[in-house]
Amino acid sequence: MTPQDASQKCAEICALAPVVPVLVVKDVAHARPLAEALVAGGLPALEVTLRTPVALEVIREMAKVEGGVVGAGTLLTPEDVIAAKAAGATFGVSPGATDKLLDACEAHDMPLLAGTSTASDVMKLLERGYTVAKFFPAEANGGAPALKSIGAPLPQMKFCPTGGVSLKNARDYLSLSNTLCVGGSWVAPADLVEKGDWKAIEALAREAAALPR
Ligand code: 3PG
């Protein structure tokens, strides 16, 4: 997959909803009902972080949910890419970008939302042919004003800012011309997941899905 095709695919995924839930799932039994609640609430694109021992199994379960588009987050190595793909992930997300990781994603047809936090990071991805990326950690890096400033000289890169994004500040990002969607964990809080309160999670998803952009 070329960087251009990967960016096209990522742009399509980002267009599905204003928010991509960032999920840290510790119990495989939570996978299906959690994904169903988020999809029912209007958030079909889901990022399952590879930060728990069961993450790949969670991806496998969530990939069975109708209407869901399941991606793997925290991709760090070529091995992660191969494992995520085998589990059924259709896109990847990483906190940063290395040539090794980009090579692996291109070789294994895994569209990647690669993390950037500086103008140089963005320029490197643009040089390679990418036009869609993640901005991470968004709030700690200056938030929406910083992303807006990066967009002045580099308007050709479009972003999914993630990290510290919530219902409170999501609009600030979504109103920017270089923001396609935002990523965030607030739609699936750990306490609600633990309790299995899928109705409450569906309500949070619905609220997030209604954000203007
Ligand atoms: C993460 O690192 O877990 C993601 O960027 C999500 O960040 P958040 O919990 O601040 O939404």
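The values are calculated or read from the model by the stated rules, or taken from the named source; none is laboratory data. Bear in mind the structure is a predicted one, so any value in this text is a computation, not a measurement. When we count neighbours, we look across all protein chains shown, and the Cβ atoms used for this are built from the backbone with ideal geometry, even at glycine. What goes into the accessible areas is simple: the full protein's heavy atoms, side chains included, and nothing from ligands, DNA or RNA. Shrake-Rupley method; radii C 1.70, N 1.55, O 1.52, S 1.80 Å.
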Exercise. Among (1) open to solvent by 40 Å² or more (accessible area, probe 1.4 Å); (2) in contact (Cβ under 8 Å) with a residue 12 or more places away in the chain, where does L211 come up short?
Worked result: (1)
Exercise. Do you know which residues across the range 53-79 are open to solvent by less than 30 Å² (accessible area, probe 1.4 Å) and either in contact with a Cys (Cβ under 6 Å, 6 or more places away or on another chain) or in a helix (DSSP H, G or I) (or both)?
Worked result: A55, V58, I59, M62
For this session: Say whether the condition of being among the small types (G, A, S), within 16 Å of the ligand (Cβ to nearest atom) and either open to solvent by less than 30 Å² (accessible area, probe 1.4 Å) or within 20 Å of G115 (Cα to Cα) (or both) is met by at least one residue in the range 28-35.
Result: no
Seminar exercise, completed: Within the range 95-139, the count of residues that are of a type in the set (A, V, I, L, M), away from the ligand (no atom under 15 Å from the Cβ), open to solvent by less than 70 Å² (accessible area, probe 1.4 Å) and over 16 Å from A72 (Cβ atoms) comes to 5
Seminar exercise, completed: Scanning the range 140-158 for residues that are open to solvent by 40 Å² or more (accessible area, probe 1.4 Å), over 19 Å from the mean Cα position of the chain (by Cα) and over 13 Å from T118 (Cβ atoms) gives P145, K148, A152, P155, Q156
Exercise. Regarding L50, is this residue within 17 Å of the chain's Cα centre (by Cα) and either closer than 23 Å to L174 by Cβ or surrounded by fewer than 16 Cβ atoms within 10 Å (Cβ to Cβ) (or both)?
Worked result: no
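Quick grid of which residues meet (1) small (G, A, S); (2) closer than 19 Å to D27 by Cβ; (3) in contact with a helix residue (DSSP H, G or I) (Cβ under 8 Å, 6 or more places away or on another chain):
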| residue | (1), (2), (3) |
| --- | --- |
| I59 | no, yes, yes |
| E66 | no, no, yes |
| L76 | no, no, yes |
| V81 | no, no, yes |
| K134 | no, no, no |
Seminar exercise, completed: Scanning the range 18-39 residue by residue, those part of a loop (DSSP other than H, G, I, E, B) and within 18 Å of N178 (Cβ to Cβ) turn out to be P18
Exercise. Does at least one position in the range 15-26 carry a residue that is farther than 29 Å from R128 by Cβ and either more than 16 Å from the ligand (Cβ to nearest atom) or surrounded by fewer than 21 Cβ atoms within 10 Å (Cβ to Cβ) (or both)?
Worked result: yes
Seminar exercise, completed: Of W198, W186, the only residue that is within 12 Å of the ligand (Cβ to nearest atom), open to solvent by 30 Å² or more (accessible area, probe 1.4 Å) and aromatic (F, W, Y) is W186
Problem set entry | Positions within the range 166-183 being open to solvent by 10 Å² or more (accessible area, probe 1.4 Å) and within 10 Å of the ligand (Cβ to nearest atom), in sequence order | S166
